[in-house]
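Data block below; observations after.
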Amino acid sequence: MIILLYGPDEYRRLQKKNEIITEFKKKHAGVALSRFDLSNEEEFASFTEFVGSQSLFDPKKLAILDNIFLSEEKGLQDVLKKAAKNPDITVLVSEKNKTNESITFLGRESANIKTQPFPYLTGAKWEAFVSELAKENGAALQPEALKFLAQVYQNDTWGLVTEIQKIALLLKKNIELEDLEKLGLEISSDFFGLLGGLKNQELDKR
């Protein structure tokens, strides 16, 4: 089986990737786990050997692939297709893109391929994510502070995580808007440009 995590939100993709690895280890005793950076030709050979060999001591295998779309190996797609059909092998891929010209089948959901998108969250879903992340770090964002922080870090989940970790150091449970302003946070001018562009698009549709 192949599990493909894709989309621009690298932070949430990484969280899901780590979750899958942890659950796989719990579920399968004696699992053989290896990581391969396919931008390296030698790593492709190692990956091919890993999924092609069988062992009585390692009944289940988990291959974690990095930089799959940077590989120039013409045989990669065939190796992946064979691995996808093997019930004892799981290939975990996490990339910004869903597919490319050389690996066209990867983004097609099937019995052997599971995909999960990670777009940037927006609106209520983004604010709920920001709020939950703050609570996990021991802080509660008041409504105005929540909306402000959500706007400041829209489409920048890693930046949000870093900022909330700083906010948690304030040793204050309930975070107000003025607390964030004291930290020097401000909404990027790009945000207002984007907002204006979206409004113009809506007007054009009318």
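The values are calculated or read from the model by the stated rules, or taken from the named source; none is laboratory data. Remember, it's a predicted structure, so these values are computed and weren't measured experimentally. Neighbour counts are summed over all protein chains in view; Cβ atoms, including those assigned to glycine, are modelled from backbone coordinates with ideal geometry. When the accessible area is computed, the model is the full protein with side chains, heavy atoms only, and any ligands, DNA or RNA have been set aside. Shrake-Rupley method; radii C 1.70, N 1.55, O 1.52, S 1.80 Å.
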_Return the residues of the stretch 118-134 that are loosely packed, with under 13 Cβ neighbours inside 10 Å and either under 17 Å from residue 182 (Cα atoms) or free of Cβ contacts under 8 Å to residues at least 40 places away in the same chain (or both); say none if nothing qualifies._
122, 123, 124, 125, 132
*Hey, can you tell me all the residues within the stretch 89-117 that are open to solvent by 30 Å² or more (accessible area, probe 1.4 Å) and either on the phi > 0 side of the Ramachandran plot or over 19 Å from the mean Cα position of the chain (by Cα) (or both)?*
101, 102, 104, 110, 111, 112
*Is it fair to say residue 91 is in contact with a helix residue (DSSP H, G or I) (Cβ under 9 Å, 6 or more places away or on another chain), among the hydrophobic types (A, V, I, L, M, F, W, C), at pLDDT 95 or above and within 21 Å of residue 21 (Cα to Cα)?*
yes
